[in-house]
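K.L.:
First, the structure itself, so that you have it in front of you.
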Amino acid sequence: MELKHQVLSILEENRGKAVNGSKLAAELFVTRSAIWKAIKALQKDGHRIEAVTNRGYTLLPQNDIVTAESIALHLRAAACEFILDVRQSVTSTNSIAKELAAQGAKEGTVIIAREQTQGRGRMGRSFYSPNSSGIYFTVILRPKLNLEDSLMITTAAAVAVAKAIETVAQVKAEIKWVNDIFVAGKKVCGILTEASINFESGGLEYAVVGIGINIATQDFPEDISQVAGSIFGQKPEDARTSSLLVAEVLNNLSECMHSLTEKKYLEEYRKRSFLIGKDILVLKGSQTLAAKAIYLDDKARLVVQYEDHSIEPLSSGEVSVRMTNREKASE
């Protein structure tokens, strides 16, 4: 590991507290001059580090740069095995992850960014990913699943994100089948799972799970401003929020990523789903059909009943809550 990353890791562990330069040098078996150069390099990268004579170096609490070190500090148990690749700005974390997965990147590799210039959502839509007001990351998985069970990946990820948001932001998080997380009636997170199939085995070669969380985004484009929201009304005072969110999602995901077929998370998914029992619209190709969401089956499919009383389990597609005439009139 490069020296400046070793120094940053120690400063992160002591965020807000002064760390003596001589002790840093002794712990890392380098000279004081090498420590000073590492500090200057970190400051050049934008880290808010205060140097005080006879006290040492302090990583200020307001330092809000997301790094592998700031995330790793909050990982627990098996989640510590994730391989963190943090970048400031990317085209799309999913696109990069797919390229790396095709080249043989290990399971558990995570691409993390503060900004996406070409963020993607489901159905080919763009995903608004502005700088510094959200966090966007993609996890590479190599699950032993067939294509039919692949919906379990998104289901588990949705529960992992909802739990993380509740832990970090202390707000109730609900799930809109199949891949959206809502807080206070607004979408605050989207999940995009993409996979490559091994045609010989009929199973998945790899899957990438892209997660975009709006932390304090406010300036949404007009076409999504009515549905999109953030988990905080304004930028949190705690500069570690982005790192904490990523870490908590990974902590939760690590608990089930090797036992997806056991479906231990499915009941929690059901409890968090706000579609069950509601009148919805189902988009099927060019058709939009009125239906009622009845329940989620053991394959995480949304079972719906259409107006002609026919019943269908949906494993993919788009659904939205159907507004009543009174709700339409009040808009």
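K.L.:
I'd like the trypsin sites (Lys or Arg not before Pro) in the range 107-176 restricted to DSSP loop residues with at most 16 other Cβ atoms within 10 Å, sorted by number. Kindly include the intermediate steps, with their values, before the conclusion.
P.N.:
Numbers: sites: Arg114, Arg120, Arg122, Arg125, Lys144, Lys163, Lys172, Lys176; in loops: Arg125, Lys144, Lys172.
The qualifying sites are Arg125, Lys144, Lys172.
K.L.:
Could you quote the convex hull projected area for the range 107-256, Cα atoms only and averaged over all directions, in nm²? Numbers along the way, then the final one.
P.N.:
On the way: hull surface 35.0 nm².
That works out to 8.8 nm², a quarter of the Cα hull's surface.
K.L.:
Semi-axes, largest first, in whole Å: what does sqrt of 5 times each Cα gyration tensor eigenvalue give for the range 186-331?
P.N.:
Values: eigenvalues 157, 138, 45 Å².
Output for the range 186-331: semi-axes of 28, 26, 15 Å.
K.L.:
Kindly give the semi-axes, whole Å and largest first, of the ellipsoid equivalent to the range 241-298, taking each as the square root of 5 times a Cα gyration tensor eigenvalue.
P.N.:
Calculated on Cα positions only, the semi-axes equal 30, 16, 12 Å.
K.L.:
A further question on this structure: How high is the FRET efficiency from Glu237 to Glu268, r the C-beta distance, R0 35 Å, rounded to 0.05?
P.N.:
Calculated value: 0.70.
K.L.:
I want the antiparallel fraction of DSSP beta bridges within the chain, as a percent rounded to 5. Intermediate values should be presented prior to the final figure.
P.N.:
On the way: 56 of 65 bridges.
Of all bridge pairs located within the chain, approximately 85 percent are antiparallel.
K.L.:
To the nearest 0.05, what FRET efficiency results for Ser22 and Glu99 with a Förster distance of 45 Å applied to their C-beta separation?
P.N.:
Values: r = 44 Å, r/R0 = 0.98.
After rounding to 0.05, the efficiency reads 0.55.
K.L.:
Follow-up. Hey, how many Å between the Cα centroid of the range 68-101 and the Cα centroid of the range 124-203?
P.N.:
What the calculation gives is 15 Å, centre to centre.
K.L.:
Another question, then. Rounded to two decimal places and with Rh computed the Kirkwood way over Cα pairs, what is Rg over Rh for the range 3-59?
P.N.:
Ratio value, two decimals: 0.90.
K.L.:
Which number gives the lysine pairs in the range 131-225 that have C-alpha atoms under 12 Å apart and are eight or more places apart or on different chains?
P.N.:
So the count works out to 4.
K.L.:
What relative contact order, as a whole-number percentage, does the chain give when Cα pairs under 8 Å and 6 or more residues apart are counted?
P.N.:
The value is 14 percent.
K.L.:
Quickly estimate the mean residue ellipticity at 222 nm for the chain, helices only: each DSSP H run with n ≥ 4 gives -39500 (n - 2.57), and the total goes over all residues, rounded to 500.
P.N.:
-8500 deg cm²/dmol
K.L.:
Any chance you could run the full-extension gain for Glu222 through Lys144? It's 0.36 nm times the residue separation minus the Cα-Cα distance, nm to one decimal.
P.N.:
Working: separation 78, 0.36 × 78 = 28.08 nm, distance 4.13 nm.
Taking 0.36 nm per residue and subtracting the Cα distance, the gain is 23.9 nm.
K.L.:
For the range 204-268, compute Rg over Rh where Rg is the Cα radius of gyration and Rh is the Kirkwood radius from the inverse mean 1/r over Cα pairs.
P.N.:
That ratio equals 1.07.
K.L.:
Separate question: Treat each spin label as a single point 7 Å out from the Cα along the C-beta direction, and report the Asp279 to Glu318 distance in nm.
P.N.:
Modelled inter-label distance: 2.1 nm.
K.L.:
While we're on this one: Angle between the Cα long axis of helix 241-254 and the longest principal axis of the chain, 0 to 90 degrees, nearest 10?
P.N.:
Tilt of helix 241-254: around 60 degrees.
K.L.:
Additional query: Rounded to the nearest 0.05, what FRET efficiency do Thr117 and Val30 give with R0 = 41 Å and r taken as the Cβ-Cβ distance? Could you check?
P.N.:
Working: r = 37 Å, r/R0 = 0.91.
With R0 = 41 Å, the Cβ-Cβ based efficiency is 0.65.
Values in this text are rule-based calculations from the coordinates and carry no lab data. The structure displayed is predicted, hence computed values, not measured ones. Glycine also receives a Cβ, built like all others from the backbone with ideal geometry; neighbour counts cover every protein chain displayed.
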